[in-house]
Amino acid sequence: MTNKYRKIPQVNDVLSYFENENIDASKDLIKYIAISIFDDYRNEIKSNPDFDFEKENVYKKIEETLAKGDYYSFKETINATGVVLHTNLGRALLSKNACQRLVEISSSYSNLEYDLDAGQRGSRYKQVVDIIKHLTGAEDAIIVNNNAAAVFLMLNTLAYNKETIISRGELVEIGDSFRVSEIMERSGTKLIEVGATNRTHLKDYERQINEETKVLMKVHTSNFKVLGFHKEVTAPELKDLARNKDLLVLEDLGSGSIIDLSKYGLSRERTVSQCLKEGIDLVSFSCDKLLGGPQGGIIVGRKDLIDQIKKNQLLRAFRVGKLTLAALEATLFEYLDEDLLMKNNPTLRMISMPLEEIEKKAIKLRDMILKEIPQIDLSLEDASSLVGGGAYPEEELPSKKLSIKTKGDSKNLEEFLRLSPYHIITSVYKDQVHLDLRTIDESDFEKIVQVLKEYYKV
Ligand SMILES: *Cc1c(COP(=O)(O)O)cnc(C)c1O
């Protein structure tokens, strides 16, 4: 058993081996990769008693890794889960345009903080603001690193040492034990929770208002839906209450769409501009959820309030980089032509993909697999994919999946696909491995077939 560890070569052996191999990589890179591959082998030896190998395999693995340039820890994956905005898999995919702008802006000097007309220092917070105003009807806007930062900054700027009233029904936890309420508390505002989890009335807010109250806060209940005996206070009702009382109504819209997605088969949700029309003073939302852009958070609304946020010194800690701004601007410009947007923005394209198109893809992939691996137990089935990212919690999008029936080794197959060079992420149900076609691009079909062929040894 310990002998297996001895088969792992020494770093120096690897270096002299590659000296003779005429390979185009520095000693340090070879060393770095060798050490990480040794670790993989040690872990495998430890966890799998049946695992065996020859010294040659280790050299070969290092050589392959070098040749493919496959040494970054940040890897591309194939999302076969059907969850379009999968936070663990990087949420929204950028459009081609957005990617191109990223490259252009980051490989050249830019006017990030330079006023080209005046020939002097400008503000990065001016970038992208006009297009956001155009698309949402907002008076002003500001972009920060993510929506959590946006919520924090709104309250830190406007309700520090003051009270913020929020409904218990809107105190959401969104994945990875991140609670919006904790972020809000850390901003220095005092959170006053009102109502019950399933029902909150206007009078619950009303009763808590005193001279310390500054904000009535609404939070989109992103990832759950209260059904049955349920009541929440609407934005116009809150606005009415706030009137004449010098109170602000702020809303964390979470996923926040700037177009109405109900015409693409999703249920109707309030868009950003609707929230503003209802009188919400500031609305914040993520850029990498339904918007389909890079990670970021946008605050839109009253100019006088955005001006106050701009003066907050903490803004510096949450400021966005040029990569974000470049990708975000290109993403937003695509909203000027909704037909093209639905084709070119990967997130919106996948969310609105007609079932017939998904089925066509499923048939194509099924036939490609069956042609190469006739013995595979594979069926095309109905599925339901999710929007994800806390958007449309209750909404399952009808989809199609390929279900591979295994002989009790579905976990093995799942792992093989996941650890393959293409990192295919699937879901497992009992003895089946599922590939939902909504989130798989046709350009990845060959790769999936290739990995399956290896698994089935054909
Ligand atoms: C996703 C979400 C957030 C956090 O947004 P990030 O952009 O991930 O920081 C905050 N609030 C709600 C309601 C959300 O859905």
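The values are calculated or read from the model by the stated rules, or taken from the named source; none is laboratory data. What you see is a predicted model, and the numbers here were worked out from it, not measured in a lab. Cβ sites come from the backbone with ideal geometry, for glycine too, and all protein chains shown count toward neighbours.
Any residue at all in the stretch 346-369 that is farther than 24 Å from Gly296 by Cα and hydroxyl-bearing (Ser, Thr, Tyr)? Show your work before the answer.
Restricting attention to the stretch 346-369, the residues satisfying the condition of being farther than 24 Å from Gly296 by Cα are 353-369.
Narrowing the set further to residues that are hydroxyl-bearing (Ser, Thr, Tyr) leaves none.
There is no residue in the stretch 346-369 that is farther than 24 Å from Gly296 by Cα and hydroxyl-bearing (Ser, Thr, Tyr).
Across the stretch 104-121, what is the total count of residues that are loosely packed, with under 12 Cβ neighbours inside 10 Å and either β-branched (Val, Ile, Thr) or closer than 30 Å to Arg349 by Cα (or both)?
Here is the first cut: in the stretch 104-121, the ones loosely packed, with under 12 Cβ neighbours inside 10 Å are 107-109, 116-121.
Keeping just the survivors that are either β-branched (Val, Ile, Thr) or closer than 30 Å to Arg349 by Cα (or both) gives 107.
Number of matching residues: 1.
Quick check on my filter: what residues within the stretch 277-316 are within 14 Å of the ligand (Cβ to nearest atom) and surrounded by fewer than 22 Cβ atoms within 10 Å (Cβ to Cβ)?
Scanning the stretch 277-316 gives a single hit, Gln295.
Scan the stretch 45-53 and give yes if some residue there is at pLDDT below 90 and hydroxyl-bearing (Ser, Thr, Tyr), otherwise no.
yes
Pairs, please: C-beta under 6 Å, at least 6 apart or cross-chain, first residue without any contact (Cβ under 8 Å) to a residue 60 or more places away in the chain and in the stretch 419-445, second assigned to a loop (DSSP other than H, G, I, E, B)?
Every condition considered, the pairs that remain are Asp431/Thr406; Asp431/Gly408; Val433/Thr426.
Looking only at the stretch 426-458, filter to residues that are of a type outside the set (Asp, Glu) and assigned to a strand (DSSP E or B); which one of those is surrounded by the fewest Cβ atoms within 10 Å (Cβ to Cβ)?
Tyr429
Which residue pairs have Cβ atoms closer than 9 Å, lie 6 or more positions apart in sequence or on different chains, and pair a first residue in the stretch 286-303 that is within 18 Å of Tyr125 (Cβ to Cβ) with a second residue that is near the ligand (Cβ under 7 Å from one of its atoms) and of a type in the set (Asp, Glu)?
Within 9 Å, the pairs are Pro294/Asp288; Gln295/Asp288; Gly296/Asp288.
Residue-by-condition table, conditions (1) in contact with a Cys (Cβ under 6 Å, 6 or more places away or on another chain); (2) hydroxyl-bearing (Ser, Thr, Tyr); (3) assigned to a helix (DSSP H, G or I):
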{"residue": "Cys275", "(1), (2), (3)": "no, no, yes"}
{"residue": "Ile280", "(1), (2), (3)": "no, no, no"}
{"residue": "Ser284", "(1), (2), (3)": "no, yes, no"}
{"residue": "Leu290", "(1), (2), (3)": "no, no, no"}
{"residue": "Gln295", "(1), (2), (3)": "no, no, no"}
{"residue": "Gln308", "(1), (2), (3)": "no, no, yes"}
{"residue": "Leu314", "(1), (2), (3)": "no, no, yes"}
{"residue": "Ala317", "(1), (2), (3)": "no, no, yes"}
{"residue": "Glu329", "(1), (2), (3)": "no, no, yes"}
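If a residue must be β-branched (Val, Ile, Thr), more than 16 Å from the ligand (Cβ to nearest atom) and assigned to a helix (DSSP H, G or I), how many such residues does the stretch 252-273 contain? Before you say what the answer is, go through the steps one by one.
Taking the stretch 252-273 as the starting set, the residues that turn out to be β-branched (Val, Ile, Thr) are 258-259, 271-272.
Checking the rest, the ones that are also more than 16 Å from the ligand (Cβ to nearest atom) come to 259.
Keeping just the survivors that are assigned to a helix (DSSP H, G or I) gives none.
Adding up the residues that qualify gives 0.
To keep it simple, each residue is scored yes or no on (1) at pLDDT below 95; (2) at positive phi; (3) within 16 Å of the ligand (Cβ to nearest atom).
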{"site": "His220", "(1), (2), (3)": "yes, no, yes"}
{"site": "Gly228", "(1), (2), (3)": "yes, yes, no"}
{"site": "Thr234", "(1), (2), (3)": "yes, no, no"}
{"site": "Leu250", "(1), (2), (3)": "no, no, yes"}
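Here are some conditions: (1) under 17 Å from Glu442 (Cα atoms); (2) in contact (Cβ under 8 Å) with a residue 60 or more places away in the chain; (3) surrounded by 16 or more Cβ atoms within 10 Å (Cβ to Cβ). Val387 meets all but one. Which one does it not meet?
(1) is the only condition that Val387 fails.
Select from the stretch 41-90 the residues that are among the hydroxyl-bearing types (Ser, Thr, Tyr) and either touching a Pro at 6+ places or on another chain (Cβ under 6 Å) or without any contact (Cβ under 8 Å) to a residue 12 or more places away in the chain (or both) and list them in ascending order.
Ser47, Tyr72, Ser73
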